[in-house]
Amino acid sequence: MRSEITIKRDYGSRSLAGKVLRAVQPDNKGVPADTSIEMKVSGSSLLIKISSTGALPSFLRTVDDLLLCIQVAEGATKAVH
């Protein structure tokens, strides 16, 4: 079964979107072999595409983990911005 999600987060500035991207990229190194995560900045938005051919619960955990990391990065970035 193939699962896929695309997430778009707008930050109002390219700089802020880039900071969040750089903050969460290291977290994507340990994803399961059947999962891929693509992230890029487009304008002032962070675009994330997660695809998996693995089990749905594993896919959902990966999405949840990444969203949590993004939330923490957003809070940290706003605190120092």
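Of note:
- Listed residues Val63, Val41, Val31, most fluctuating in the chain (Gaussian network, C-alpha, under 10 Å): Val31
- Pairs of lysine residues in region 3-80 - Cα separation under 16 Å, sequence separation of 8 or more or cross-chain: 8
- Cα long-axis angle, helix 56-80 against the chain (0 to 90 degrees, to the nearest 10): 10 degrees
- Computed over the chain, the per-residue total of -39500 (n - 2.57) for DSSP H runs of n ≥ 4 gives a 222 nm mean residue ellipticity of -15000 deg cm²/dmol, rounded to 500.
- Charge dipole (Cα centre; +1 on Lys/Arg Cβ, -1 on Asp/Glu Cβ; no other charges) of the chain amounts to roughly 280 debye.
- Length released on extending from Arg9 to Ala23, taking residue separation times 0.36 nm less the Cα-Cα span: 3.6 nm
- Between the listed residues Gly12, Ile37, Gln71, the Cα displaced farthest toward the positive end of the dipole of the chain, a dipole computed from Cβ unit charges relative to the Cα centre, is found at Gly12.
- Distance in nm between pseudo-label sites at Arg2 and Ser51 (7 Å out along the Cβ direction from Cα): 0.7 nm
- The mean of 1/r over all distinct Cα pairs in region 3-80, once inverted, gives the Kirkwood hydrodynamic radius of 12.7 Å.
- Stretch gain in nm, segment Gln71-Glu38, where the contour uses 0.36 nm per residue and the Cα spacing is subtracted: 10.1 nm
- Degrees separating the helix 14-24 axis from the principal Cα axis of the chain, which is the longest one: 50 degrees
- Taking every C-alpha pair closer than 8 Å and separated by at least 6 residues, the mean separation divided by the residue count of region 3-80 gives a relative contact order of 39 percent.
Each reported figure results from applying straightforward, stated rules to the coordinates on display, with no laboratory input. These numbers were taken from a predicted model, which means no experiment stands behind them. No Cβ is skipped: glycine too gets one built from the backbone with ideal geometry, and neighbour counts run over all protein chains shown.
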